[in-house]
Amino acid sequence: MAGVGALGPVVADASPNLPGISAQDLLAKVQTAKVDGLSGTVRSDADLGLPAIPGAPAGSEQLTEMLSGQHTARVAFASPDKARVSVLDNQAERVWTTDGKSAWAYDSSRREAVKLTVPEHKTTKPDKVVPSYDPQAVAKQFLDAIDPTTKVEVSGTEKVAGRDAYKLRLVPKTDKTTVGSVTLAIDSMTWVPLDVTVMPRTGNDPALEVGFSSVSFDVPAASTFTFTPPQGVKVTDKKVPSQDRPKRVAPKQVEPKQTKPGTAKADEPTVIGKGWESVAMIRGAQTGQLTGNGPLAQLLAKAPTVSGTWGTGKVLTSKMVSALITDDGRVFVGLVTPDTLQAAAAKAPR
């Protein structure tokens, strides 16, 4: 279990009335929570302060949908390898689903579907089809950031999706992150996170909230994860070679003293730093389209130019997210300050 710097008191006098629990015990329970299946409706509300991207190509809103506005998704998961997410926005439906043998991606607005056939493999717990719509996966990102300087406390109880939950609050003490606090609503029966609320270091409104509005922990029927494309939909079949079966690869962690130039592969995320100060780096970005008459040219034209031992680039900032785009095709991004991004860039492989 990750180190905890400061543990809050046992819950008392909270509503709903739940047995008292220490922050340390609650943290241990949520970090080991496991259920065989669940289904429900997840709502997300994001306001990260990101500027509009002028001239962005059609369809790019799907890549950033979780970064702004309100969205609703129906989700279902079943152990060990079944998942389904259905998002309804602007009267258009998008579905991602897998039954462990094949996966589908469907977009009703484009009348297109992609079927991905996965070769036989040892069944393991799958990545969630769209992790951003899974409060448990979102919570894990912040739980992994806990370090000895993090204040962890039980701040009360609340009702979420009709279920009694404890509130576990994480407060980073470093001034290098843009995160002010993260509150997890933890189900008092399953210990699964039902809601995640992220507050910025400045301001009184949440930057992100992802949570269930309804949830059931019954295992969904197998038919939930099957998909039949509607008539007239264009279907593209793809097969994944056995050696390239999709799986989540943990990002490489870069320690400053162990970094060797050229060790990071193009397009493979590399993490510089730890905990709340973590910065993700992607090499081989197509930065050519970010300049000249590219879709982000107007935005980057207003961004400040910075330079250091790592090279030269442009910095984009919001109240939560900071990004550094370098002239040599690297992109650094994190919930950190611009200075922290540049410090990470100085430690990163080229």
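Nothing in this text is a laboratory measurement; each read-out follows from the coordinates by a stated rule. Being a predicted model, the structure only gives us computed values, none of them experimental. Cβ placement follows ideal geometry from the backbone for every residue including glycine, while neighbour counts extend to all protein chains displayed.
A few points about this structure:
- Distance in nm between pseudo-label sites at LYS319 and LYS274 (7 Å out along the Cβ direction from Cα): 3.2
- Measuring between alpha carbons in the structure, the pairs from LYS173/LYS302; LYS101/LYS140; LYS176/LYS274; LYS34/LYS319; LYS302/LYS347; LYS274/LYS302 lying more than 23 angstrom apart are LYS173/LYS302; LYS101/LYS140; LYS34/LYS319; LYS302/LYS347; LYS274/LYS302.
- Distance between the pseudo-spin-label points of SER223 and MET189 (7 Å out from Cα toward the beta carbon): 2.5 nm.
- Additional length obtainable on full extension of the chain from LEU116 to ASP144, 0.36 nm per residue less Cα span: 7.0 nm
- Segment GLN31..ASP205, full-extension length gain: 59.9 nm, with 0.36 nm per residue of separation and the alpha-carbon distance subtracted.
- Rounded to 0.05, the FRET efficiency of the LYS302 and LYS101 pair, given R0 = 45 Å and the Cβ-Cβ distance, is 0.40.
- Here each label is just a point 7 Å from Cα along the line to Cβ, and for LYS238 and GLN91 those points are 3.0 nm apart.
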